Structure formats: structure tokens, C-alpha cells
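First comes the structure, then the notes that go with it.
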Amino acid sequence: MATSTPWGDRRVIDESSEEWFVLQKKTFTRWCNSHLRERSIEIDDLFSEVSDGTVLLNLLEIIGGETILSVCGRKFYPSAKCKMDIHKLENCNLIFDYLKQRELKLVNIGSSDIKDGSPRLVLGLIWTIILRFAISEDGKEGLLLWCRKNCSGYEGVDVQNFHKSWIDGLAFCALINHFRPDLIDFKECLARRDEPMTNLNLAFDVAKNELDIDRLLDAEDICGSAKPDEKSIIAYLSLFFKKFAAMAQKDNMAEAIRKAVDVTVHHEGLVATYDKDAETLLSWIRVQADKFGSDTILDVSSTEEVKALIESGHSFKNDEKPSKQQLLASSEALLANLRLSQRNNERPLYAPQIEVEDVETEWAKMEKSEKGFEDAAVALLDAYEHTDYALQRFSNKIVKVEEFIFASSPVFAATSYGDSVSDCSALLKKCEVFETQQPKYGTMLSSCGDFVGMCHEKHGETAAAKAKYEAVCADMDRLVADEAAFKEAVAAALEKETRLLALKEKYTASLANYEFDLFEVQEALLEPISLCNSVSAIEEVIKRTEQVKVTLEGSESTLVALEAMSAELTAANYPIDKDSSSVRELYDGLTESLAKRFSDLGAANASQSSKEAIKKAFAEHAAKLMDYCNETSRVTASLTRRMSVTADKQAEKLQALMDGFNENGVALMDNVEKANEAQVSSEIFVNSLTTDTVFSCRLVFTECEKNLKSAIEINTAHIQALNGQSQMSAEQAREIREAFDNFDKDKSGRLSVKEFQDGLMAMGVVLNDDESEAEFKKRDLDGSGTLSFDEFAAYILEQFQSGSSEADILNAFKGLCDGKANISEAEIKQWFPAQGDYMTARMEGGAYEPFVQTIFKL
């Protein structure tokens, strides 16, 4: 009987027909041979060659995985000894005993049916064996679901049964393409859907030649029938299932190994980065420490050079140092992430040659040297500025002394001692004037020596000032000696000179003395206000200036007297060297300078008072913030260690701490920031009242907040674990929180795709970009493009629970190599295309057990 199909008229084979028996016999015979080949057994006639039971008993041992002896407790007769019917029946009885022990009960068939080769019963027995041993316990339905799942999504393929769904050959092609897309181009098969014979032959040939699946059916057996034999197709598909299920299992094993190798490669990269950064940082720290600990500061000889050193220190602190501080923090985080990944992947923790603690110790030493250098520079600047002031005073006074010596030397070097009384009197008067002035200039010269003594010995101008002082002292000594000799000579001639003009002499002497006094006042007003670095210093200058004012105001009577004498001499037409107008002009100028001096001192006093108040305010706010953060961190740590406090009570106390931090801690930090802004605007770069800076305050504030949040997350995880709501331990919550906070770069409390991928690597979860992006989208339920901490932690926890231990990977290798102790290069290339070179270089002779031990050391 024929029926119409999309490919033409096809026969309908009745299960009672001879053709049906022939087809099933051929299929089942080939199916049996595909297994019997393991023992070099092959049959041609299924019915006659199973009559002695030996073929079926061998088949059962092969596909059942257990010997007849181990299951039934006795051996069977081999073919060579099985000549009598009783032996054959005994073998056939063992078949039923074996199946019974394997929980497979048969009805309506006995040992004699097998011995006699009953076609229908033998075919039924083989079919039952196929269902039990080849398709697993799920039988037909399980195999059908397997086929349907792996053919899903292929155009033109709809697997609903084991007969008509396979007629056009597309289902066979789709099944092979699903597992081995390199063997069949399904698009070409789909284009030939009207050529079922071509597609079926292609699939059967590929299965035989490329996959080593015996060809149980011919294309005509399927395409030539409107409803192909279901059992024959099931028998054939059981071989496909066996092949592809084994491939899938090996794929899983290979995937576990790939992940383990990728984790090791990732760890090696982190180790290399950490070692490089730690060595670079340590070398830099030691160079800076040597620089600050050197005698560089002893080589500078001017105030400008010291200021340049201080400025370079500020530049180092604000420009160069912060980047290295960040490198130290990132190295610490990198090592923590490496060790976290190692713990998550059951690897030993890496012990670097340069520990973070070593770098931190060297950092502290560097900062100590830096502080000592800065203090020494500031002290030297103060000394050099005082030296500059002393040199200025020295220069002003020594010029006056030199002028006095220069003016006096020609007088006493003359050889004429006067030709008249007036001349002699004049000469003697000069001697008297000199003797009156010389002690003052001698005192002035002595004060020059005092100023030289105040100069710092390393200052570049100190030596020159000292040499000039000694030279002028020698000149003064020579002048005094010359004057004494000159006076003695003039005294001898004084007998000739009897009249001296007392008024002129008095005027000249008084005028000179008064000019000297005004010069002293003028010098006192030159003391620089910029040297006063405190309110008390300014107040001392104010006191001295008030004393100068008293002196100047008290000298006005002397000026009036000089003006009277000058007027009298002028009225008498008596020549004088200098009238009193110059000293009056100088007096008036000094009076105006004194008023301005008091104004400048008042302004300086107000400015210095303001700066000291700003410094004090910053120091107080910084101390309050530090005390608050240290106490909050102490209480947080104490709560997390106290086992006597319940988790719920801990949660209540931690939340109270966080509420207080958000209110009080933030307010204290804001006060510090404002106080620092005031310092910057007032150009205050060094605050001697505190060792804290705005940078150290920010660091402590951020660390306190981070510790508090971490403690709350760990406590929440602990409570959930106690209530059965979470499988995450408190330790896992802490580690996951550290990774989350480290990669939450914008501190938004959520991770972007890139931050999520970085977090996975830190936790030891190795996925490529496509895989990690797919996992991210799966968990981004609200479509925001970000993940919360809970969503991130849930995914990481899933990975923690998957097997990735050393034993897991070793078992994966054994399964992949079918129990062999070595893996071939061909297998490495097949299963590990990306990791192949890495594995081959570290796996001697394909021995994978030492390789696994090696990669799990890091």
C-alpha cells in the first residue's frame, strides 16, 4: 500500500510484513555489531547466531558494564563448548537472570525462544535491551526530548516522533551540526530539503566516516517509507546519543580545566604587576628618603636658595607624592584582590618578596626624613632672613664709619699745624670734634661687629662682611693714632693761637651730635616688619618704636637750640659749614616716617592675628574629626569582634553608628574642608599647630566610612545566613564587599558592565567579555545598566559553590582523557585552543597531574 508525501508516493510498511522483519533485523544486527566489535565479534544472521546465547551474553557484558559472573555468580559456556541444547538453554537462562538482576523483567519470552531463533521474540528482546542499556532509564521519551532540544531552532526541523520527523534527513543533519558545525553546513542541507536521499546519505556518511557511528540504516529505509520503522530509528539514534553525550561531557571537563588555567594566567599577571609596582615604589621611596636625608641643605648660601628648597618640598608634597601614594594604595588593593581570588579558587596565598607592610614602613621613614628636612629648611630660612637683616644693618653702619674715616684721614695726615691762633684753634677744635665723634663711631663700629656675629656662618655674604669689618677696624686704629700725633703737634703751636670762636665750635659739635642721634633714629625705623612671624614679635617692635618716638620728640629742644645758634652766626656773617635747615628737614621726615611705621605695624599685627586664628581653627577641626573617626572605627571593630552581642543587636548598633556618621562625621569633615580653604586663601602652607593635613583627614574619613559600610554588609549577610535566607558567610560578604567597593569607581553603590567584569576577575571568576556581558544582562532585571551589591554578591556566591578545586580539575582531566594519565598534543589543541601553548610549555610528556599541582600553587 502506498501513500502520498511531500516527496512523492511512499510505501507504508506493516509490522507483520516480511519487509518490516528484514528492516529491523538489519538495523538490530548492525546495532549489535557496533558494540560486539569491542570483542572482535561480528554476526550476519541475528536470529540464528544468537541461538546459543553467547552473542547476547557478550553484548550484555559490553553495554551493561558488568560481567555475567559478577552479576549471576557463574560463568557462561563459550561458543566452542556450547554444542548441546542443554548448554545453549543454560546460557539463555543466564541472559534472563542477568536482566532480572539488572531490574529488567521480561514476559512472554523464554530461553527456548532464543535457542529456536524466533524472529519476532528475538527482535523484541533486542529492542528491550536497547531501551534499557542504550537510551538510559528515560527510554524513548528521554531520547525524543534530547533530540528535540538539540534540534530546536533549526529551520524546517520539528522533532515530534521517531518516524515521520526524520524522513527528509534535515533532523539528522541538524543533530550533527549542533554538536559538530564544522562537519555539516545546515544551510546547504536546508536548500536541498526536496532531496531527502541526498541529506540522509550525507548525514549517514558523516556519522560513519567522521564520528565513527556505525551505519545502522540506509537512506532508502527511511526515505522509501511513508512512516519509517520507529524502533530502527531509535536504535540508530541511540548511537548518536552515546557519541554526542560523551562529547558534551568532555566539553564540560575541558571547560573546567580552561577556567583553572585562565585563573592561573590571571594570577601570574597580577603577581607580575604587583612585583613591578612594589619594586618601583620601594626604589622611589628610598631615593626620596636619601634626598631628604642628605646634606643638600648645608650647601645653600642664600635666602633665595633656601626658599627654592622649601618650594621644591611643597611641589613634591602636592604634585609628585600623591601619585605614589595612590600607587601604594592600588598595590595594596591588587595584592588583596589576588589573595581573595586565590582563596576563592583554593590556591595558596602569594607571599611576595616585598610585602605591603615593607613598603609602608619605608614610606613612614621617608615621611620622617621629609619632615626633618622641611623643619631644617624652615629653621635655616629664619636664620638666613635674620642674617639678611643683620647684614643690612651692618652695611648701613659700616658705610657711615667708612665715611667718617675717609673724611677724617686727610685732616690728620696734613703736615701744616696752623699759622695763626685761629688756624691752630681750628685744628685743635677738629681734634676735639674728632675725639668727640670717634667714640660714637667706635661704638657704631663695635655694633657692626655685633651684627657680623649675628650672621649665619654658611650665608654667602657673611665672610665678606667679616673681612670688611676687620679692615675698617684696622683703618680706625690707624686714624686714632694719626689724630693723637696730629693733636700733639697742633698743641705745640697752640701758644700762637689764643682765640677760638666758641659759638662756632659749639654749633658745629652740637650739629654733628644731633645728626648722629637722628641717624640712630633713622636706623631704628629700618627694622623690617616681615621678619616678625608672630603677634608677640610685632608687639616687641611696637614697643621699640614707641621708645624711638619718645627719643625723637625729646630731641626737638636740641633742634630749636641749633636753629637759634645757626641764626645768630648767620646774622653776624660768620661762615659756617652747614646750617640747621638740613637737620630740620631730616627731623620732619623722621616724624612722618614714624607715623607711617605705626600704621604698618598695626596692619601687620592684625594680619598675623588673623593667620594664627585660622591655623588654630584648622588644628581644632582636624583633631575633632580624627578623634571622631578613630572612636567610630574602634567601636565598629569592637562590635564585629564581640560574640556576646547578638547579630540583631549588632545591626542596631552599627546602623546607629552609620546614622551618627552621616550626621556628625560629614559635618566634621565639612568643617575641616572650610578651615583648609581659609588656610589656602590666606597663603598658609605650613601649620605648626598640627601634623594633620586636609589629605590625611580625607583619607581617615573615607576609611572610616568604608569600614562601617563593610561591617553592616557582613552583619546583614550573617543575619540572613542565620535566618536561612542566604548561603553567604560573613567572611564571604566581607571579601565580596571589598571587591565591590574597589571597582565601584564612581562610588555610586552600583557596578557598570566594565566594573562588573573587573570585579569578576578580582574574585577569580574567569569569563570572556561576551560571557560576562551575558551574565550581567541576566541579572540586570530593571534594565538600568547597573548591578547592586546584592545582585553582584548573588552571582559571585553561585560561582563559589561550583567545583573548581584541585581535585575537581584533576578529575576533569581524567574524565577528558578516559582515565589515561597523559593528554596528547592533539587533545590539547582540540579542547584548549586559547590555552594550548601555555599548557604544552608546562606539561612534560602530557602528564597532567603535575601540571594541575603546579597551577594550583598560585
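The values are calculated or read from the model by the stated rules, or taken from the named source; none is laboratory data. Predicted model only: the values in this text are computed from it and were never measured. Cβ sites come from the backbone with ideal geometry, for glycine too, and all protein chains shown count toward neighbours. Ligands, DNA and RNA are stripped out before the accessible areas are found, and what is left, the full protein with its side chains, is counted by its heavy atoms. Shrake-Rupley method; radii C 1.70, N 1.55, O 1.52, S 1.80 Å.
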Has region 26-40 got any residue that is at pLDDT 70 or above and either outside any helix (DSSP H, G or I) or more than 25 Å from ARG102 (Cβ to Cβ) (or both)? yes
Cβ-Cβ under 8 Å pairs, at least 6 apart or on other chains, region 684-696 side in contact (Cβ under 8 Å) with a residue 24 or more places away in the chain, far side assigned to a loop (DSSP other than H, G, I, E, B): none
Counting only helices (runs of 4 or more DSSP H) entirely within region 780-846, those with at least 2 residues that are open to solvent by less than 60 Å² (accessible area, probe 1.4 Å) and modelled with pLDDT of 85 or more are 806-816, 825-831, 836-842
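If you go through region 405-451, how many residues are closer than 19 Å to PHE394 by Cβ and of a type in the set (Ser, Thr, Tyr)?
Of all residues in region 405-451, those closer than 19 Å to PHE394 by Cβ come to 405-406, 440-451.
Filter once more, so that each one left must be of a type in the set (Ser, Thr, Tyr): 441, 443, 446-447.
So the answer is 4.
Listed here are the residues, each with its yes/no results for (1) open to solvent by less than 40 Å² (accessible area, probe 1.4 Å); (2) in a helix (DSSP H, G or I).
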position	(1), (2)
ILE126	yes, yes
ASN150	yes, yes
VAL157	yes, no
GLN160	no, no
PRO181	no, no
CYS189	yes, yes
ARG193	no, no
MET197	no, yes
Sort through CYS455, CYS424 and tell me the only one that's in contact with a Leu (Cβ under 8 Å, 6 or more places away or on another chain) and closer than 30 Å to TYR574 by Cα. CYS424
Which of the residues belonging to region 297-324 are under 17 Å from ALA383 (Cα atoms), among the hydroxyl-bearing types (Ser, Thr, Tyr) and open to solvent by 60 Å² or more (accessible area, probe 1.4 Å)? none
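One line per residue, one yes/no per condition, for (1) over 18 Å from ARG39 (Cα atoms); (2) modelled with pLDDT of 85 or more; (3) of a type in the set (A, V, I, L, M):
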position: GLU61; (1), (2), (3): no, yes, no
position: GLU66; (1), (2), (3): no, yes, no
position: SER70; (1), (2), (3): yes, yes, no
position: ARG74; (1), (2), (3): yes, yes, no
position: ASP85; (1), (2), (3): yes, no, no
position: ASN93; (1), (2), (3): yes, yes, no
position: LEU99; (1), (2), (3): yes, yes, yes
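Each row is one residue, and each column tells you yes or no for (1) under 19 Å from the mean Cα position of the chain (by Cα); (2) farther than 23 Å from ARG286 by Cβ; (3) part of a helix (DSSP H, G or I).
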{"position": "GLN342", "(1), (2), (3)": "yes, yes, yes"}
{"position": "GLU346", "(1), (2), (3)": "no, yes, no"}
{"position": "PRO352", "(1), (2), (3)": "yes, no, no"}
{"position": "ASP358", "(1), (2), (3)": "yes, no, yes"}
{"position": "LYS368", "(1), (2), (3)": "no, no, yes"}
{"position": "ALA377", "(1), (2), (3)": "no, no, yes"}
{"position": "ASP382", "(1), (2), (3)": "no, yes, yes"}
{"position": "LEU391", "(1), (2), (3)": "no, yes, yes"}
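Okay, residues lined up against (1) at positive phi; (2) of a type in the set (Asp, Glu); (3) assigned to a helix (DSSP H, G or I); (4) at pLDDT 85 or above:
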residue	(1), (2), (3), (4)
THR551	no, no, yes, yes
SER557	no, no, yes, yes
ALA561	no, no, yes, yes
GLU585	no, yes, yes, yes
GLY589	no, no, yes, yes
LYS596	no, no, yes, yes
ASP600	no, yes, yes, no
Looking at region 514-528 only, could you name the residues that are touching a residue at least 60 places away in the same chain (Cβ under 8 Å), open to solvent by less than 40 Å² (accessible area, probe 1.4 Å) and part of a helix (DSSP H, G or I)? TYR514, PHE516, LEU518, PHE519, VAL521, GLU523
For SER48, which of the numbered conditions (1) of a type outside the set (Val, Ile, Thr); (2) modelled with pLDDT under 85; (3) in contact with a helix residue (DSSP H, G or I) (Cβ under 7 Å, 6 or more places away or on another chain) fails to hold? (3)
